[in-house]
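Following: one structure in structure tokens, then a few remarks.
Read the figures in this text as sums done on the coordinates, not as results from a lab. These numbers come from a predicted model, not from an experiment. Cβ coordinates were reconstructed from backbone atoms using ideal geometry, including for glycine residues, and neighbour counts include every protein chain displayed.
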Amino acid sequence: MQQTVKKRNYSRKREAILKAVRSTTCHPTAEWVYQQLKPQYPDLSLGTVYRNLTQFKNDGVIISVGTVNGQERYDGNVKPHTHFVCSQCHAVIDVPGEFLNNRHIQETGEKMGLKIESSDVILHGVCSECLKREI
Ligand SMILES: [Zn+2]
Ligand SMILES: [Zn+2]
């Protein structure tokens with residue numbers, strides 16, 4: 001009986017973590033997710049958040065944008081799109097479209113004898129908010 005309750009509570013947290021990542025386009029860190037859910041789940045630990053995010057990532061339910069300013073950023077939007085990373089405020093912004101020519105990638109792979117399985121373009125620069133602040 002105790003086991004069932006524990007299990008249900010665990011999966012509720014799991015769902016809440018996934019929902020939190022999907023509810024935002026800010027490409028959150030594990031810390032952000034933890035802070036969002038802490039009031040509702042006081043016994044939640046940052047380790048649990050990390051573990052679940054890694055699991056979701058491995059399952060392909062969410063993606064990792066990579067490490068920005070020392071922290072891994074996650075994305076609930078798994079449809080193909082490109083990321084822009086602001087070098088000043090570290091915002092991660094979605095940019096529609098893909099900036100890679102798939103045929104070119106395949107040709108390069110063949111030329112170099114590589115089996116290329118995936119590719120990522122990350123645009124770097126200063127976001128519009130930071131540009132506004134500079135004026
Ligand atoms: Zn910025
Ligand atoms: Zn994104």
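From the largest down, region 84-135 spans 48, 17, 15 angstrom on the principal axes of its Cα atoms.
Which cysteines in the chain lack any other cysteine whose Cβ sits under 4.7 Å from their own Cβ? Within the chain, the cysteines lacking a partner Cβ under 4.7 Å are Cys26, Cys89, Cys130. Magnitude of the charge dipole for the chain, about its Cα centre and with charges confined to Cβ atoms of Lys, Arg (+1) and Asp, Glu (-1), is about 740 debye. Under a GNM of the chain (C-alpha, springs under 10 Å), which listed residue has the highest mean-square fluctuation: Thr108, Thr48, Thr25? Looking only at Thr108, Thr48, Thr25, the biggest GNM fluctuation is shown by Thr108. This model, with +1 at the C-beta of Lys and Arg and -1 at the C-beta of Asp and Glu, gives region 1-78 a dipole about its Cα centre of some 360 debye. A cut-off of 5 Å between modelled amide H atoms, ignoring neighbours fewer than 5 places along the same chain, links Val65 with Arg73, Tyr74, Asp75. Dividing the mean sequence gap of close Cα pairs (under 8 Å, 6+ apart) by how many residues region 70-135 holds gives a relative contact order of 38 percent. For Gln88, the amide hydrogen comes within under 5 Å of the amide hydrogens of Cys127, counting only partners 5 or more places away or on other chains and with H modelled in the peptide plane. Applying both filters, DSSP loop and at most 11 other Cβ atoms within 10 Å, to the GluC sites (Glu not before Pro) of region 73-135 gives Glu117.
Shown here for region 1-101: trypsin sites (Lys or Arg not before Pro) in loop regions (DSSP other than H, G, I, E, B) with at most 10 other Cβ atoms within 10 Å, of which there are none.
Only helical runs count toward this figure. For the chain, summing -39,500 (n - 2.57) over DSSP H runs of n ≥ 4 and dividing by all residues gives -14000 deg cm²/dmol at 222 nm. With equal scatterers on the alpha carbons only and no solvent term, can you work out the Debye log10 of I(q)/I(0) for the chain at 0.12 1/Å? The Debye formula, applied to the Cα set alone, gives -0.60.
Each Cα pair under 8 Å and six or more residues apart adds its sequence gap; the mean of these over the residue count of the chain is a relative contact order of 20 percent. Restricting attention to the chain, close to 70% of DSSP beta bridges with both partner residues there are antiparallel.
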